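The values are calculated or read from the model by the stated rules, or taken from the named source; none is laboratory data. On a predicted model such as this, the values are computed, not experimentally measured, just so you know. Backbone-built Cβ (ideal geometry, glycine too); neighbour counts: all protein chains shown. For the accessible areas, the whole protein counts, side chains as well, though only heavy atoms, and no ligand, DNA or RNA atoms are used. Shrake-Rupley method; radii C 1.70, N 1.55, O 1.52, S 1.80 Å.
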Amino acid sequence: MSELRHLISITDLSVEEVDHLIEVADDIIENPEAYQEICRHKKLATLFFEPSTRTRLSFTAAMMELGGNVLGFDQAASSSASKGESVSDTITMVSCYADIIAMRHPKEGAPFVAARRATVPIINGGDGGHFHPTQTLTDLLTIHRKKGSLDGLTIGLCGDLKFGRTVHSLIEAMIRYKDVRFVMISPVELDLPSYVKEMLDAAGVEWKEVRSLEEAIPELDVLYMTRVQRERFFNEEDYIRLKDSFVLRRKMLDAAKDDMVVMHPLPRVNEISVDVDDDPRAAYFYQALMGKYIRMALILFLLGIK
Ligand code: CP
(Lines give C-alpha, C1' and ligand atoms only; values in the text may rest on other atoms or scores of the structure.)
Protein backbone atom coordinates (compact mmCIF):
# COMPACT_ATOMS: atom_id res chain seq x y z
CA MET A 1 0.00 0.00 0.00
CA SER A 2 1.38 3.43 -0.94
CA GLU A 3 2.07 6.14 1.67
CA LEU A 4 -0.92 8.42 2.45
CA ARG A 5 -0.15 11.90 1.02
CA HIS A 6 -2.10 15.14 1.30
CA LEU A 7 -1.78 18.52 -0.44
CA ILE A 8 -2.37 21.27 2.13
CA SER A 9 0.39 23.69 1.12
CA ILE A 10 2.31 23.75 -2.16
CA THR A 11 5.47 22.91 -0.16
CA ASP A 12 3.99 19.48 0.57
CA LEU A 13 5.30 18.73 -2.92
CA SER A 14 9.00 18.80 -3.79
CA VAL A 15 10.14 20.68 -6.89
CA GLU A 16 10.69 17.29 -8.55
CA GLU A 17 7.11 16.25 -7.74
CA VAL A 18 5.72 19.55 -9.11
CA ASP A 19 7.76 19.07 -12.28
CA HIS A 20 6.42 15.49 -12.52
CA LEU A 21 2.80 16.75 -12.24
CA ILE A 22 3.45 19.28 -15.01
CA GLU A 23 4.84 16.47 -17.21
CA VAL A 24 1.83 14.24 -16.52
CA ALA A 25 -0.59 17.12 -17.24
CA ASP A 26 1.23 17.77 -20.54
CA ASP A 27 0.84 14.07 -21.40
CA ILE A 28 -2.88 14.11 -20.50
CA ILE A 29 -3.35 17.09 -22.85
CA GLU A 30 -1.55 15.20 -25.65
CA ASN A 31 -3.09 11.76 -24.99
CA PRO A 32 -6.43 12.14 -23.19
CA GLU A 33 -7.71 8.74 -24.36
CA ALA A 34 -4.94 6.98 -22.41
CA TYR A 35 -6.41 8.32 -19.15
CA GLN A 36 -10.16 8.05 -19.67
CA GLU A 37 -10.69 4.81 -17.70
CA ILE A 38 -7.75 5.06 -15.31
CA CYS A 39 -9.84 5.98 -12.22
CA ARG A 40 -12.76 3.64 -12.92
CA HIS A 41 -14.51 2.75 -9.63
CA LYS A 42 -12.66 5.52 -7.75
CA LYS A 43 -14.62 8.28 -5.98
CA LEU A 44 -13.69 11.90 -5.36
CA ALA A 45 -15.57 13.83 -2.65
CA THR A 46 -15.73 17.61 -3.15
CA LEU A 47 -16.53 19.26 0.21
CA PHE A 48 -16.97 22.98 -0.40
CA PHE A 49 -17.86 24.97 2.70
CA GLU A 50 -17.29 28.18 0.70
CA PRO A 51 -18.42 29.14 -2.86
CA SER A 52 -16.42 28.10 -5.92
CA THR A 53 -16.91 27.77 -9.67
CA ARG A 54 -13.53 26.80 -11.11
CA THR A 55 -11.97 24.75 -8.34
CA ARG A 56 -14.99 22.57 -7.62
CA LEU A 57 -16.10 22.12 -11.22
CA SER A 58 -12.58 21.50 -12.54
CA PHE A 59 -12.06 18.83 -9.86
CA THR A 60 -15.39 17.31 -10.89
CA ALA A 61 -14.51 17.43 -14.60
CA ALA A 62 -11.03 16.06 -13.83
CA MET A 63 -12.37 12.98 -12.04
CA MET A 64 -15.05 12.43 -14.71
CA GLU A 65 -12.42 12.59 -17.48
CA LEU A 66 -10.39 9.98 -15.57
CA GLY A 67 -13.44 7.68 -15.56
CA GLY A 68 -14.17 8.08 -11.83
CA ASN A 69 -17.18 9.32 -9.87
CA VAL A 70 -17.79 12.42 -7.77
CA LEU A 71 -19.92 13.08 -4.68
CA GLY A 72 -20.06 15.99 -2.26
CA PHE A 73 -21.66 19.30 -1.37
CA ASP A 74 -21.17 22.85 -2.62
CA GLN A 75 -22.12 24.84 0.47
CA ALA A 76 -21.85 24.33 4.22
CA ALA A 77 -25.60 24.95 4.53
CA SER A 78 -26.40 21.71 2.68
CA SER A 79 -24.12 19.62 4.91
CA SER A 80 -24.36 18.71 8.59
CA ALA A 81 -21.81 21.46 9.29
CA SER A 82 -24.96 23.63 9.46
CA LYS A 83 -26.04 21.50 12.47
CA GLY A 84 -22.69 21.98 14.18
CA GLU A 85 -20.73 18.94 12.95
CA SER A 86 -16.97 19.51 13.19
CA VAL A 87 -14.58 19.33 10.25
CA SER A 88 -12.86 16.36 11.93
CA ASP A 89 -16.09 14.37 12.17
CA THR A 90 -17.14 15.28 8.63
CA ILE A 91 -13.79 14.09 7.27
CA THR A 92 -13.87 10.87 9.31
CA MET A 93 -17.25 10.10 7.76
CA VAL A 94 -16.38 11.06 4.19
CA SER A 95 -13.17 8.99 4.38
CA CYS A 96 -15.57 6.00 4.51
CA TYR A 97 -17.34 7.07 1.32
CA ALA A 98 -14.61 8.35 -1.01
CA ASP A 99 -11.06 7.49 -2.12
CA ILE A 100 -9.87 11.10 -2.16
CA ILE A 101 -11.24 14.42 -0.84
CA ALA A 102 -10.94 17.96 -2.22
CA MET A 103 -12.17 20.57 0.26
CA ARG A 104 -12.51 24.35 0.56
CA HIS A 105 -13.14 26.02 3.90
CA PRO A 106 -13.29 29.67 5.03
CA LYS A 107 -11.13 28.94 8.11
CA GLU A 108 -7.35 28.92 7.74
CA GLY A 109 -5.96 25.54 8.79
CA ALA A 110 -9.19 23.56 8.32
CA PRO A 111 -7.61 21.23 5.70
CA PHE A 112 -4.68 20.63 8.06
CA VAL A 113 -7.14 19.54 10.77
CA ALA A 114 -8.90 17.38 8.17
CA ALA A 115 -5.65 15.69 7.13
CA ARG A 116 -4.98 14.61 10.72
CA ARG A 117 -8.21 12.57 10.74
CA ALA A 118 -8.47 11.47 7.12
CA THR A 119 -7.68 7.95 5.96
CA VAL A 120 -7.70 9.09 2.32
CA PRO A 121 -5.76 11.94 0.63
CA ILE A 122 -6.96 15.48 1.41
CA ILE A 123 -6.52 18.25 -1.15
CA ASN A 124 -6.81 21.84 0.03
CA GLY A 125 -9.01 23.72 -2.45
CA GLY A 126 -8.49 26.98 -0.53
CA ASP A 127 -8.54 27.80 3.20
CA GLY A 128 -9.50 31.37 4.05
CA GLY A 129 -6.75 33.84 3.18
CA HIS A 130 -4.11 31.15 3.70
CA PHE A 131 -3.27 28.78 0.81
CA HIS A 132 -4.68 27.56 -2.50
CA PRO A 133 -2.11 25.00 -3.70
CA THR A 134 -4.08 23.55 -6.63
CA GLN A 135 -4.48 27.07 -8.03
CA THR A 136 -0.70 27.33 -7.75
CA LEU A 137 -0.23 24.08 -9.65
CA THR A 138 -2.63 25.49 -12.27
CA ASP A 139 -0.56 28.68 -12.44
CA LEU A 140 2.74 26.78 -12.73
CA LEU A 141 1.40 24.61 -15.57
CA THR A 142 0.11 27.72 -17.36
CA ILE A 143 3.40 29.60 -16.98
CA HIS A 144 5.42 26.55 -18.03
CA ARG A 145 3.32 25.99 -21.15
CA LYS A 146 3.33 29.67 -22.12
CA LYS A 147 6.97 30.52 -21.29
CA GLY A 148 8.62 27.10 -21.68
CA SER A 149 10.29 27.29 -18.24
CA LEU A 150 9.71 28.41 -14.66
CA ASP A 151 13.23 29.87 -14.34
CA GLY A 152 14.44 33.39 -15.02
CA LEU A 153 11.06 35.16 -14.99
CA THR A 154 10.01 38.58 -13.69
CA ILE A 155 6.54 38.22 -12.23
CA GLY A 156 4.26 41.13 -11.37
CA LEU A 157 1.66 40.42 -8.68
CA CYS A 158 -1.10 43.01 -8.67
CA GLY A 159 -4.13 43.75 -6.48
CA ASP A 160 -4.92 42.23 -3.11
CA LEU A 161 -1.57 40.84 -1.97
CA LYS A 162 -2.62 40.86 1.69
CA PHE A 163 -5.53 38.42 1.65
CA GLY A 164 -4.81 36.80 -1.73
CA ARG A 165 -4.13 33.15 -0.95
CA THR A 166 -3.32 32.43 -4.61
CA VAL A 167 -0.53 35.00 -4.47
CA HIS A 168 0.94 33.61 -1.25
CA SER A 169 1.01 30.07 -2.63
CA LEU A 170 2.43 31.18 -6.00
CA ILE A 171 5.29 33.04 -4.28
CA GLU A 172 6.03 29.99 -2.13
CA ALA A 173 6.22 27.85 -5.25
CA MET A 174 8.17 30.20 -7.51
CA ILE A 175 10.94 31.04 -5.05
CA ARG A 176 12.12 27.46 -5.51
CA TYR A 177 13.01 28.17 -9.15
CA LYS A 178 16.14 29.92 -10.47
CA ASP A 179 16.48 33.69 -11.00
CA VAL A 180 12.84 34.56 -10.40
CA ARG A 181 12.10 38.25 -9.56
CA PHE A 182 8.89 39.72 -8.21
CA VAL A 183 7.31 43.15 -8.59
CA MET A 184 4.54 43.68 -6.00
CA ILE A 185 1.84 46.12 -7.14
CA SER A 186 -0.79 46.95 -4.52
CA PRO A 187 -2.25 49.74 -2.43
CA VAL A 188 -0.37 50.11 0.89
CA GLU A 189 -3.36 48.69 2.77
CA LEU A 190 -3.18 45.47 0.72
CA ASP A 191 0.58 44.90 0.85
CA LEU A 192 1.96 41.40 1.28
CA PRO A 193 1.81 40.09 4.88
CA SER A 194 5.14 40.38 6.66
CA TYR A 195 5.57 36.60 6.91
CA VAL A 196 5.55 36.38 3.09
CA LYS A 197 8.06 39.23 2.80
CA GLU A 198 10.27 37.42 5.32
CA MET A 199 9.97 34.25 3.25
CA LEU A 200 11.14 36.12 0.14
CA ASP A 201 14.09 37.65 1.99
CA ALA A 202 15.07 34.35 3.58
CA ALA A 203 15.11 32.76 0.12
CA GLY A 204 17.35 35.57 -1.18
CA VAL A 205 14.82 36.44 -3.90
CA GLU A 206 14.91 39.86 -5.59
CA TRP A 207 11.62 41.73 -5.12
CA LYS A 208 10.27 45.27 -4.90
CA GLU A 209 7.03 47.11 -4.20
CA VAL A 210 5.57 49.71 -6.58
CA ARG A 211 2.30 51.65 -6.49
CA SER A 212 1.80 52.04 -10.24
CA LEU A 213 0.82 49.26 -12.63
CA GLU A 214 1.90 51.37 -15.63
CA GLU A 215 5.37 51.73 -14.11
CA ALA A 216 5.72 47.98 -13.59
CA ILE A 217 4.34 46.61 -16.87
CA PRO A 218 7.34 47.06 -19.25
CA GLU A 219 9.69 44.78 -17.30
CA LEU A 220 7.25 41.90 -16.67
CA ASP A 221 7.24 38.40 -18.19
CA VAL A 222 4.07 37.50 -16.30
CA LEU A 223 1.42 39.85 -14.91
CA TYR A 224 -0.72 38.11 -12.30
CA MET A 225 -3.82 40.18 -11.55
CA THR A 226 -5.99 39.46 -8.50
CA ARG A 227 -9.40 40.50 -7.25
CA VAL A 228 -9.85 42.67 -4.18
CA GLN A 229 -11.91 40.19 -2.17
CA ARG A 230 -14.98 41.72 -0.58
CA GLU A 231 -15.47 38.61 1.61
CA ARG A 232 -12.12 39.16 3.40
CA PHE A 233 -12.85 42.75 4.50
CA PHE A 234 -14.26 43.61 7.92
CA ASN A 235 -15.36 47.02 6.71
CA GLU A 236 -17.41 47.73 3.53
CA GLU A 237 -16.07 51.29 3.30
CA ASP A 238 -12.49 50.04 3.00
CA TYR A 239 -13.54 47.55 0.33
CA ILE A 240 -15.27 50.24 -1.76
CA ARG A 241 -12.29 52.56 -1.42
CA LEU A 242 -9.77 49.92 -2.52
CA LYS A 243 -11.66 47.67 -4.94
CA ASP A 244 -10.73 49.51 -8.15
CA SER A 245 -7.18 50.45 -7.17
CA PHE A 246 -5.74 48.69 -10.22
CA VAL A 247 -7.60 48.02 -13.45
CA LEU A 248 -5.72 46.55 -16.42
CA ARG A 249 -6.95 48.05 -19.70
CA ARG A 250 -6.03 47.05 -23.28
CA LYS A 251 -4.20 50.32 -23.94
CA MET A 252 -1.82 49.65 -21.04
CA LEU A 253 -0.57 46.52 -22.82
CA ASP A 254 1.06 48.70 -25.48
CA ALA A 255 3.93 49.16 -23.03
CA ALA A 256 4.20 45.42 -22.24
CA LYS A 257 6.49 42.82 -23.80
CA ASP A 258 4.92 41.07 -26.81
CA ASP A 259 5.12 37.74 -25.01
CA MET A 260 4.07 38.87 -21.55
CA VAL A 261 1.43 36.55 -20.10
CA VAL A 262 -1.60 38.07 -18.35
CA MET A 263 -2.97 35.74 -15.69
CA HIS A 264 -5.76 35.89 -13.11
CA PRO A 265 -7.01 33.06 -10.88
CA LEU A 266 -10.58 34.36 -11.52
CA PRO A 267 -13.28 35.28 -10.76
CA ARG A 268 -12.56 38.82 -11.92
CA VAL A 269 -14.83 41.67 -11.00
CA ASN A 270 -13.41 44.86 -12.49
CA GLU A 271 -9.65 44.45 -12.36
CA ILE A 272 -9.20 43.37 -15.99
CA SER A 273 -11.20 45.26 -18.55
CA VAL A 274 -13.03 42.94 -20.99
CA ASP A 275 -11.22 44.61 -23.89
CA VAL A 276 -8.08 42.73 -22.74
CA ASP A 277 -9.76 39.36 -23.35
CA ASP A 278 -9.01 39.32 -27.08
CA ASP A 279 -5.36 40.26 -26.68
CA PRO A 280 -3.11 37.24 -27.39
CA ARG A 281 -1.35 37.86 -24.07
CA ALA A 282 -4.56 37.25 -22.08
CA ALA A 283 -4.18 33.75 -20.62
CA TYR A 284 -6.70 33.65 -17.77
CA PHE A 285 -9.33 31.48 -19.45
CA TYR A 286 -6.60 29.17 -20.75
CA GLN A 287 -5.33 29.09 -17.14
CA ALA A 288 -8.77 27.92 -15.95
CA LEU A 289 -8.62 25.10 -18.51
CA MET A 290 -5.14 24.12 -17.29
CA GLY A 291 -6.71 23.75 -13.83
CA LYS A 292 -8.59 20.68 -15.00
CA TYR A 293 -5.51 18.96 -16.44
CA ILE A 294 -3.24 19.59 -13.46
CA ARG A 295 -5.97 18.38 -11.08
CA MET A 296 -6.22 15.18 -13.16
CA ALA A 297 -2.47 14.71 -12.70
CA LEU A 298 -2.74 15.45 -8.97
CA ILE A 299 -5.58 12.97 -8.41
CA LEU A 300 -3.51 10.24 -10.10
CA PHE A 301 -0.44 11.15 -8.04
CA LEU A 302 -2.22 11.15 -4.67
CA LEU A 303 -4.05 7.92 -5.48
CA GLY A 304 -0.71 6.33 -6.37
CA ILE A 305 -1.87 5.54 -9.91
CA LYS A 306 1.00 5.55 -12.41
N1 CP B 1 -9.65 30.41 -8.88
C2 CP B 1 -10.58 29.97 -8.04
O3 CP B 1 -10.30 29.45 -6.96
O4 CP B 1 -11.87 30.11 -8.50
P5 CP B 1 -13.15 29.62 -7.73
O6 CP B 1 -13.27 30.43 -6.46
O7 CP B 1 -14.29 29.84 -8.67
O8 CP B 1 -12.95 28.15 -7.39
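Just a few scattered comments:
- Segment 210-306, relative contact order in percent, only Cα pairs under 8 angstrom and at least six apart counted: 30
- Degrees between helix 133-147 axis and first principal axis of the chain (Cα, 0 to 90, nearest 10): 50
- Selection among 53, 296, 79 by position relative to the dipole of the chain gives 79 as farthest towards the positive end (Cβ unit charges, Cα centre).
- Surface composition of segment 1-44: carbon and sulfur atoms hold 47% of the protein heavy-atom accessible area at a 1.4 Å probe.
- In straight-distance terms, cross-link reach from residue 257 covers every one of the lysines whose alpha-carbon lies under 16 Å from its own, apart from those fewer than eight places away in the same chain; here that gives 146, 147.
- Lys/Arg +1, Asp/Glu -1 at C-beta; the chain dipole; positive extreme among 166, 97, 132: 97
- Dipole magnitude of segment 203-306, debye to nearest 20 (Cβ charges: Lys/Arg +1, Asp/Glu -1, about Cα centre): 560
- Straight-line reach from residue 243: taking Cα to Cα under 25 Å and skipping same-chain neighbours fewer than 8 places apart, the lysines in range are 107, 162, 197, 208, 251.
- When only alpha carbons are used to place a centre, segment 247-306 and segment 54-91 end up 25 Å from one another.
- Highest mean packing first, where packing is the average number of other Cβ atoms within 10 Å per residue, the peptides 23-29, 127-133, 36-42 line up as 127-133, 23-29, 36-42.
- Taken per residue, the accessible surface of the chain reaches 44 Å², heavy atoms only and a 1.4 Å probe.
- When you work out D = kT/(6 pi eta Rh) for segment 47-130 at 37 °C and 0.692 mPa s, using the Kirkwood radius from C-alpha pairs as Rh and the Stokes-Einstein form, the result is 255 µm²/s.
- Ranked order, 92, 60, 119 - accessible area, probe 1.4 Å, largest first: 119, 92, 60
- Volume per residue that the Cα convex hull of the chain spans, once the total is divided by residue count, Å³: 131
- Angle of helix 54-65 to the longest C-alpha principal axis of the chain, folded into 0 to 90 degrees and rounded to 10: 50°.
- Solvent-accessible surface (1.4 angstrom probe) belonging to residue 293, in square angstrom, nearest 10: 40
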